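The values are calculated or read from the model by the stated rules, or taken from the named source; none is laboratory data. Keep in mind the model is a prediction, meaning the values are calculated, not measured. For neighbour counting, all protein chains shown are included, and Cβ atoms are generated from backbone atoms with ideal geometry for every residue, glycine included. These accessible areas exclude ligands, DNA and RNA; they are computed on the full protein's heavy atoms, side chains included. Shrake-Rupley method; radii C 1.70, N 1.55, O 1.52, S 1.80 Å.
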Amino acid sequence: MKTLDLVSTAVANTFRSKTRTILTVLAIFVGAFTLTITNGLGTGINAFIDSTVSAMGASDALTVTKTSTDATASTAPQKYDPDAISSGRQAGPPGTTSEVTALTDQDITALAAVPGIAKVAPVTSVTIDYVQAPGGDPYVARAGSLVAGQRPQMGAGVAPDDGSQALQVALPDALVEPMGFADADAAVGATVTIAVTDPVRTQHTVEATVTGVTEEAFGSTTTLTTNAALEDALSAAQNTGVPADQLDRYASASATMAAAANVTDVKAALTDAGYTGTTVADQLGTFEAVINGIVLVLNAFAIIALLAASFGIVNTLLMSVQERTREIGLMKAMGMGSGRVFSLFSLEAIFIGLLGSALGAVVAIGVGTAVSAQLATSLFSDLPGLQLIAFDPVSIVVTTLAVMGIAFLAGTLPAARAARADPVESLRYE
């Protein structure tokens, strides 16, 4: 029997007992459906996290701090350190914040000399009082400068140009309508007033041009995205009257790695020099770890369902072998070898696995796409760009092949039994 004839015969034999085959296929369908959905869930959420990481900074950008000798966040009394400043980040239990030793211009120079670092820029801290559109009410906002390589997710317009000397800002989508703009497009090109207060409580205002509107992601809904020129202008206004020797104090610096540098080696070099470097991926890595853990657990349930379905395959094919005992004897008597008989029943098992996995994948794609679209406009409407369930063709193909592999393994026992059948005894079977 030729290979093509062997395949066609296996397909035809699969539907000899339609009810039994359909029930077995449905059992496989459940596992394949679950595997496809859970993999799509992991793909969709991780893709959203990756896009958020790129929106917050490049993978080769590091946030560098100089950690104080006692950097552990604590509510216990701490010795005064004149060089320590608050990092503004909670690093322990609620009510605690971490402190870092301030970076100076000397530290910026030292960081530039660290192997693997191509460029270093100090990160200035600006506290905005409010932002106001012409004729509108003032609204509380925060300042967020562009990190090296940052690509903000824009809903309208473009991101501020860090290389421009013009004062530019991107408004968050949440502030567009409250500030009096009809929509995001109407805000682009407008001039807004930003107010800051200096140490002696004198308020200063700076005008900037709106270049675009940012979509909401993991960031704050009231954070303005400023370019370097606007950040410098706001910082200068905020530090009016501050002694010159106190101006070169920074909580952190943004360091860009050289093209050929390895992030692990650069972090180690920074540690040796007395600094700590973290990437945006480090800060969001916990999210991915949690999501991957959840997907792994869900996949485990899908595998259990597939293993249960494999017993259905064994049962289906064992009954098929028993029902076709005389037929097997006849095929062997006519010269079909044991290997061909084994292949025939193995192909039947693989075909059952293919039917179940293909059906599960197709239904999962349809259901997942519909559910994801519905959630994007309802429960997750505040997370634009999130496609909760996204399907990777490679992942679907791998899942299908894995299910077919499980089906093949499940079919080896009845296939081997058929291959070992004695033709004389089989022909006598009633």
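Of the strands (runs of 3 or more DSSP E) lying entirely inside region 111-199, the ones with 1 or more residues being open to solvent by 30 Å² or more (accessible area, probe 1.4 Å) and among the charged types (D, E, K, R) are found at 117-123, 128-132, 142-145. Residues in region 10-28 that are open to solvent by 40 Å² or more (accessible area, probe 1.4 Å) and either closer than 20 Å to Asp392 by Cβ or of a type in the set (Val, Ile, Thr) (or both): Val11, Thr19, Ile22. Each residue in region 28-64 was checked for being part of a strand (DSSP E or B) and at pLDDT 85 or above, and 1 pass. Scanning region 372-407 for residues that are free of Cβ contacts under 8 Å to residues at least 60 places away in the same chain, exposed (fewer than 14 other Cβ atoms within 10 Å of the Cβ) and of a type outside the set (S, T, N, Q) yields Ala373, Leu379, Pro393, Val394, Val397, Val398, Leu401, Gly405. Every condition in (1) open to solvent by less than 50 Å² (accessible area, probe 1.4 Å); (2) touching a helix residue (DSSP H, G or I) at 6+ places or on another chain (Cβ under 7 Å); (3) over 30 Å from Val367 (Cα atoms); (4) at pLDDT 65 or above holds for Thr104 except the one numbered (2). Here Gly339 does not qualify as part of a helix (DSSP H, G or I), within 30 Å of Gly155 (Cβ to Cβ) and modelled with pLDDT of 85 or more. Scanning region 297-305 for any residue that is in a helix (DSSP H, G or I), closer than 21 Å to Thr19 by Cα, of a type in the set (S, T, N, Q) and open to solvent by less than 40 Å² (accessible area, probe 1.4 Å) turns up nothing. Of all residues in region 319-370, those that are within 26 Å of Val30 (Cα to Cα) and surrounded by fewer than 14 Cβ atoms within 10 Å (Cβ to Cβ) total 3.
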